[in-house]
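Student: Sharing a structure, written as structure tokens. Questions coming.
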Amino acid sequence: MIEKILHGGNFAACFGAIATTAADLGICGGTATGISALLSAHAVIKRDKNLTPLAHQMGQAFEAAVKASPLPADTKKLIPQLMAKFPVSEEDIAKGILEPAQVAAIIRARIENAREKGTEDPALTGAALVKAYEAILTQMLTPVLAAPVGMEPMQWAINRQMLAQSAITGATKRLFEEGVTEKAIIGLAQKIAAETNDIGQAWTELQNAMEMAVRVQADGRVASNHGDFVDVVLHRVAALSADGEYKSAGDEIDAALAREEEEAQARRVKLLERGVEVALLDRDTKRAAELMVRKADLGAGGVAGFGDLRTLQDFYFERGRDKGINLDLELAIDLAELIKARADSTDELGTASNDLGLALGILGERESGTVRLKAAVKAYEAAMEEWAKDTLPFEWAMTQNNLGLALQSLGERESGTARLEEAVEAYGAALEEWTRDKVPLEWAATQNNLGNALYALGERESGTARLEEAVEAFEAALEEWTRDEAPLQWATTQNNLGNALAALGQRESGTARLEAAAEAYRAAREEQTRKRVPLDWAKTQNNLASLEIAFFDKTGAADHLNRAEAHVNAAREVFLDNGAEHHVGITDEVIAAIQERRSGA
């Protein structure tokens, strides 16, 4: 019932109704039967249904107190009239600090003052009657102003003083005017009373809380500059806070913040996505990579993990490698650099460096210069500094193989053979750990790579030793890269084998090696069909054209030139149809060789 005490109108209504009803009934002893029911039917109380329980309690307490009074029956009839003249007010409750005896004493003093001034009927202001009225008020107010169940006496004392102070200073009235309910005010006072035994500190805390409560209500009424969504939330929060439902109000704020963060994140993601595309349109892959990492961090709610960033880098590396998009490879390079800068372990540093080398190597193979390839070599060397042979042998061997590829590409663009020799050495190192027993497919891949490096060396040397070694390496690879298990790799190696055999055949007097080369090329075409892998098929066609020219040089048979022309024209057609104009140059060389021999014939 405490929440009803603070509201002056409600409290006054209750006591006013008690006084009026009691006077009308002419209460005397047991004649007050039904007072609480009549009291509940009073017009003021009917308008506020929340007053009904308080009305019953106060009416019953008043009736009980009058009955228990030792006054004569005639004198008891004056008690209701005295209450009608001097009812309990909110001010009395506040000044009495919610203490029944103190409140009753304040009213007694007011009656005595009226007696001294002679402004009231002496029959109502007699000392004995006033003393009895004081006792009845005390008895009636005791259950109404009792401490809530479970509250410690000291807390209740502090709580009473805070509530009284707020009423006296007008703070309570201001809160009511703002829409804050008694329930909310009582809740604030009780929470603060539970935190301190210092009334001064408690009052300071309550004043601060009440100011905040006022601001919450004001924010809920006035439109903000932050949009309809915020205004609706603030209105709901104010409504809940007005009734002291602070936890529910807090839940509303939490839900709104979550939605706001979600929407804000969606906006940031959209901006980052457009920023990436604009940067790529500007061919600024470094900025695009930075924005991608920021987006990944945003999605991770902090700092994106190494694995997530590597997955992002792999996507662009694979697309650039497989679809021929150089921009994607450049983006993969910049992403790898950023990922490497974030690596915080030996394994991560090695992985990032190797990934960087792969992207640099693929892009370097497509460019005429050597800058990217040299950078790839450095990246692989950095990876091997982290991936020691004795601790991470598999990773070390993988990087040796990758290093060999970069060195080989460099060697093919240089006049000397130093880089090619280094490539052969790197492949040999890889095979120390990538053995056939441990990793047969990786072993086969390295054998194929080794064969290509040896073939490139053999092409530049007058002897045949390197070419023979190349043939051995390709044949070794085919032992594991079988047609059934790895058809495309088998076909690629067959084509490479054909190249080495053709080179040997051109340096030998007979045509046995050339026949073997032709057989290898034809085998390659069985899997590298025009429909399945048109560009690989066209390259093999071009190789067959070159082989027919070699046959012509040994036999002089014109049919070889005719077949060569058919092969090279088919290759040229496929290159043009598939947008691979950059490969047309190799067919031009073959066509020129055919024309040269025909004119010479």
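The values are calculated or read from the model by the stated rules, or taken from the named source; none is laboratory data. None of the values given here were measured: they were computed from a predicted structure. Note: ideal-geometry Cβ built from the backbone for every residue, glycine included; neighbour counts use all protein chains shown. The protein model used for the area step is the full one, side chains on, heavy atoms only, and it has no ligands, DNA or RNA in it. Shrake-Rupley method; radii C 1.70, N 1.55, O 1.52, S 1.80 Å.
Per-residue answers, yes or no, for (1) at pLDDT below 95; (2) open to solvent by less than 10 Å² (accessible area, probe 1.4 Å):
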{"site": "Leu501", "(1), (2)": "no, no"}
{"site": "Glu508", "(1), (2)": "yes, no"}
{"site": "Ala517", "(1), (2)": "no, yes"}
{"site": "Arg525", "(1), (2)": "yes, no"}
{"site": "Arg530", "(1), (2)": "yes, no"}
{"site": "Val533", "(1), (2)": "yes, no"}
{"site": "Leu547", "(1), (2)": "yes, yes"}
{"site": "Asp553", "(1), (2)": "yes, no"}
{"site": "Ala558", "(1), (2)": "yes, no"}
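Student: Would you mind finding the one in Glu318, Glu273, Glu290 that is out of contact with any helix residue (DSSP H, G or I) (no Cβ under 6 Å at 6 or more places or on another chain) and open to solvent by less than 60 Å² (accessible area, probe 1.4 Å)?
Tutor: Only one candidate passes the filter, namely Glu273.
Student: Now a separate question. Just to be sure before I move on: is Arg366 open to solvent by 70 Å² or more (accessible area, probe 1.4 Å), more than 31 Å from the chain's Cα centre (by Cα), basic (Lys, Arg) and within 26 Å of Leu281 (Cα to Cα) in the structure I sent?
Tutor: Taking the combined requirement at face value, the residue satisfies it.
Student: Right, something else. Contact list please: Cβ distance under 6 Å, first residue in segment 435-456 and on the phi < 0 side of the Ramachandran plot, second residue at pLDDT below 95 and assigned to a helix (DSSP H, G or I), pairs at least six apart or on different chains.
Tutor: Ala456/Glu412
Student: When residues of segment 536-545 are filtered for being touching a residue at least 40 places away in the same chain (Cβ under 8 Å), open to solvent by less than 60 Å² (accessible area, probe 1.4 Å) and more than 14 Å from Trp490 (Cα to Cα), how many remain?
Tutor: Going through segment 536-545 one residue at a time, the tally reaches 4.
Student: Shifting gears a bit: Could you list, in sequence order, all residues of segment 97-136 that are touching a residue at least 60 places away in the same chain (Cβ under 8 Å), under 20 Å from Ala65 (Cα atoms) and within 60 Å of the chain's Cα centre (by Cα)?
Tutor: Selection gives Leu98, Glu99.
Student: A further question on this structure: Find the residue count for segment 336-361, including only residues that are among the β-branched types (Val, Ile, Thr) and either open to solvent by 40 Å² or more (accessible area, probe 1.4 Å) or at positive phi (or both).
Tutor: Matching residues across segment 336-361 total 1.
Student: Something else now. Taking into account only those residues within segment 574-586 that are in contact (Cβ under 8 Å) with a residue 12 or more places away in the chain and part of a helix (DSSP H, G or I), which is nearest to Ser546 (Cα to Cα)?
Tutor: Selected residue: Ile586.
Student: Taking into account only those residues within segment 408-436 that are more than 18 Å from Lys389 (Cβ to Cβ) and under 47 Å from the mean Cα position of the chain (by Cα), which is surrounded by the most Cβ atoms within 10 Å (Cβ to Cβ)?
Tutor: Step by step, filter segment 408-436, then rank; the result is Ala423.
Student: Select, from Leu234, Leu281, the only residue that is touching a Gly at 6+ places or on another chain (Cβ under 9 Å) and over 26 Å from Gly350 (Cα atoms).
Tutor: So the residue among Leu234, Leu281 that is touching a Gly at 6+ places or on another chain (Cβ under 9 Å) and over 26 Å from Gly350 (Cα atoms) is Leu234.
Student: In addition: Those residues that are in contact with a Gly (Cβ under 8 Å, 6 or more places away or on another chain) and basic (Lys, Arg), I need them from segment 391-424; list them, please.
Tutor: The answer is Arg419, and nothing else.
Student: Here are Glu461, Glu468: which of them is acidic (Asp, Glu) and at pLDDT below 95?
Tutor: Glu461
Student: Moving on. Among the listed residues Gly244, Gly324, which satisfies the condition of being within 30 Å of Gly579 (Cα to Cα) and of a type outside the set (Val, Ile, Thr)?
Tutor: Answer to the selection: Gly324.
Student: Another one. Out of Arg513, Arg460, Arg466, report the one residue that is open to solvent by 10 Å² or more (accessible area, probe 1.4 Å), among the basic types (Lys, Arg) and touching a residue at least 24 places away in the same chain (Cβ under 8 Å).
Tutor: So the residue among Arg513, Arg460, Arg466 that is open to solvent by 10 Å² or more (accessible area, probe 1.4 Å), among the basic types (Lys, Arg) and touching a residue at least 24 places away in the same chain (Cβ under 8 Å) is Arg460.
Student: Find the helices (runs of 4 or more DSSP H) located wholly in segment 76-148 whose residues include 3 or more that are basic (Lys, Arg) and open to solvent by 10 Å² or more (accessible area, probe 1.4 Å), and list them.
Tutor: Because the criterion is at least 3 residues that are basic (Lys, Arg) and open to solvent by 10 Å² or more (accessible area, probe 1.4 Å), the helices (runs of 4 or more DSSP H) in segment 76-148 that meet it are 100-117.
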